[in-house]
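The values are calculated or read from the model by the stated rules, or taken from the named source; none is laboratory data. It should be emphasised that the depicted structure is a prediction, and the values quoted were computed from it without experimental measurement. A quick note on method: Cβ atoms are made from the backbone with ideal geometry, for glycine too, and the neighbour counts reach across all protein chains shown. Surface accessibility is based on the protein's heavy atoms, side chains included, excluding ligands, DNA and RNA. Shrake-Rupley method; radii C 1.70, N 1.55, O 1.52, S 1.80 Å.
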Amino acid sequence: MKAFLILEDGHVFEGKSIGSTDEIISEIVFNTSMTGYLEILTDPSYAGQSVCMTYPLIGNYGVCREDMEAGIPWQSGFIVRELCKTPSNFRSEMTINEFLVENNITGIEGIDTRTLTKILRKDGTMRGMITTDENYDFDECMKRIKAWKMGHVVLDVTCKEKMFYPGDGYKVAVIDLGVKKNIVKSLLARGCQVTVYPAETPAEEIIADAPDGIMLTNGPGDPKECKVTIAQVKKLFDTDIPIFAICLGHQLMALANGGDTEKMKYGHRGANHPVRDMKTGKVYISTQNHGYMVKEDSLDRKIAEVSFVNVNDGTVEGVHYLGKNAQTVQFHPEACAGPLDTDSLFDTFMNMMEVSK
């Protein structure tokens, strides 16, 4: 069956339908990772988005549910050059297409993903529609595409009630803004006792549970939509409880302390982004997935200093809060899939909790 990708700037790509045949409108982004397509499909940070994979052949090693970063995929759509129909992997349980159908994810294959990526890099991330209607009304589609808004998607992906994971070590409160499973696994691997809280849980409830540390997770959408959570983050910051924040959590911490964020032209999405540690000068390769960034000139240098920067474009990749046991990073130290260069930041978090005892 034919499928069409229609961008809000008028570009139309014709390809073949994969997955669900439901018509969807979403934000169109690209990811440069060569592997980890299942982790990308199940990363809650992609809620409201359709991801174009720049690597031309996707699905070679099939689907292993153990590798999923959430219980269900959150992407609206999936865009590939070629989808592998005969994966080779002893762990594979099904093909990617079967996974897309099972989870009602709309996709398109056979389009020129290189051209699509170049358009997004030149003109920026934009909205788009994937449809299998060969008789679509272009003008009507454009009206619907331009009227579409992502909204407050964090509320879609966050847990609905507290979840507890036992451990013999530090008590860590994880604020679920769209948490990836490997963040929780990274804490559990270090013996932590983990409680995961919904995104808008009152700070007073979290403080009353007496955690040794607090983690703010990754998540989707515009950080400024998270007004309730930002207010709670400020209250948590005003305590002496150590805080470690990743991705969206990093942005919310900046907003809670008078900083500002802005949407990037096309964001950082991939497993090969170099970041420099400002203290040591050492460069690490990181996994990233974000379309917003903290504006460096908005940070109050009396309370915050930049700890990491992106080597490619100089954007803020980490912030250390002065006089506080608080550190935030824009990239993913749990890196699944991706390089484990910055996994030691979890050990730094452990040390922060040890020092505060």
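A Förster distance of 35 Å, applied to the separation of the beta-carbon atoms of D343 and M1, puts the FRET efficiency at 0.20. Size of the range 1-93: Rg and Dmax of its alpha carbons, in Å, are 13.4, 43. The orientation-averaged shadow of the Cα convex hull for the range 240-357, equal to a quarter of the hull surface, comes to 6.9 nm². Extent of the chain along its three principal axes (Cα atoms, max minus min coordinate, largest first): 64, 45, 39 Å.
Full extension of the chain between H320 and K227 gives 31.2 nm of extra length, using 0.36 nm per residue less the Cα-Cα distance.
Within the full protein context, the accessible area of R144 is estimated at about 100 Å² for a probe radius of 1.4 Å. Computed from backbone phi, the HN-Hα couplings of the range 253-269 come to 5, 5, 5, 5, 10, x, x, 9, 10, 8, 6, 7, 4, 9, x, 10, 9 Hz, rounded to whole numbers (Karplus: 6.51 cos²θ - 1.76 cosθ + 1.60, θ = phi - 60°; Gly and Pro given as x).
Taking every alpha-carbon pair under 8 Å whose residues sit at least 6 apart, the chain reaches a relative contact order of 15 percent. Extending 7 Å from Cα along the Cβ direction at K263 and again at I72 yields two label points whose distance is 2.6 nm. Each 5 Å bin, from zero up to the one with the longest distance, holds this percent of the alpha carbon pairs of the range 243-289: 5, 16, 18, 25, 26, 9, 0.
At an R0 of 30 angstrom, the distance between the Cβ atoms of S92 and K185 translates into a FRET efficiency of 0.90. With 32 Å as the limit, the listed pairs K122/K185; K122/K224; K118/K234; K263/K357; K122/K279 have K122/K185; K118/K234; K263/K357; K122/K279 beyond it between alpha carbons. The gain in end-to-end length when the M278 to E204 segment is fully stretched comes to 23.2 nm, 0.36 nm per residue minus the alpha carbon separation.
D9 to D313: FRET efficiency via 1/(1 + (r/R0)^6), r the Cβ-Cβ distance, R0 30 Å, to the nearest 0.05? Result of the calculation: an efficiency of 0.85. Couplings 3J(HN,Hα) for the range 278-284, derived from phi with the Karplus relation 6.51 cos²θ - 1.76 cosθ + 1.60 (θ = phi - 60°), are 5, 7, 9, x, 6, 9, 10 Hz, where x marks Gly and Pro. Note on K2: lysines with a C-alpha under 18 Å away, same-chain residues under 8 apart excluded, are K16, K85. Close amide H contacts of G219 (hydrogens built in the peptide plane, cut-off under 5 Å, sequence separation of 5 or more or a different chain): L248, G249.
Percent of accessible area on the range 41-182 owned by carbon and sulfur, 1.4 Å probe? Its accessible area is 48 percent carbon and sulfur atoms. Beta bridges per DSSP, both residues in the chain: antiparallel share near 60 percent.
Distance between the pseudo-spin-label points of D240 and S356 (7 Å out from Cα toward the beta carbon): 1.1 nm.
Within the shell of other residues whose beta carbon sits under 13 angstrom from the beta carbon of M142, the net charge comes to -1, with Lys and Arg scored +1 and Asp and Glu -1.
Length available on full extension from K295 to M150: 0.36 nm per residue minus the Cα-Cα distance, which gives 50.0 nm.
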